[in-house]
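Before any comments, here is the structure.
The values are calculated or read from the model by the stated rules, or taken from the named source; none is laboratory data. Because the structure is a prediction, the values reported are computed rather than measured. Note: ideal-geometry Cβ built from the backbone for every residue, glycine included; neighbour counts use all protein chains shown.
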Amino acid sequence: MVLLSAVLSAVALVVVLFEICLLGRAIFSWIEPFPRNRFHAFLIQVTEPVVRPVRRVIPPLGGLDLSVLVVFILCGILLRVLTSYGAMLPFPF
């Protein structure tokens, strides 16, 4: 039981870090639409493998890309499921 909780907590930590990367990507996309900054390019490289399939299902609407928002919401749902099964988050929400 302790091992399962530890694994779920590790997965929850990865999801939280991924959400932080998504948030950084969204903020950078408002400030700098074309990634010239190394950190912005890194955030795109980390998040694009998950965002791209969602973008195929939900195309941009008038220049507004909602795929990042959808992935962020799905990560939040995944965190709720993980915590309901006993995962400990690195910080309380």
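Inspect all residues belonging to region 15-28 and state whether any of them is part of a loop (DSSP other than H, G, I, E, B), farther than 19 Å from SER84 by Cα, at pLDDT 90 or above and touching a Leu at 6+ places or on another chain (Cβ under 8 Å).
no
Taking LEU43, is it touching a Lys or Arg at 6+ places or on another chain (Cβ under 6 Å), modelled with pLDDT of 90 or more and not aromatic (Phe, Trp, Tyr)?
Yes.
Answer yes if at least one residue in region 48-61 is surrounded by 15 or more Cβ atoms within 10 Å (Cβ to Cβ), at pLDDT 95 or above and of a type outside the set (A, V, I, L, M, F, W, C), and no otherwise.
Within region 48-61 (the criterion being surrounded by 15 or more Cβ atoms within 10 Å (Cβ to Cβ), at pLDDT 95 or above and of a type outside the set (A, V, I, L, M, F, W, C)), the answer is no, since none of the residues qualifies.
Considering region 59-77 alone, what residues qualify as being more than 26 Å from ALA12 (Cα to Cα) and in a loop (DSSP other than H, G, I, E, B)?
PRO59, PRO60, GLY62, GLY63
Report yes if some residue within region 30-38 is touching a helix residue (DSSP H, G or I) at 6+ places or on another chain (Cβ under 6 Å) and in a helix (DSSP H, G or I); otherwise report no.
Looking for residues that are touching a helix residue (DSSP H, G or I) at 6+ places or on another chain (Cβ under 6 Å) and in a helix (DSSP H, G or I), one finds none in region 30-38, hence no.
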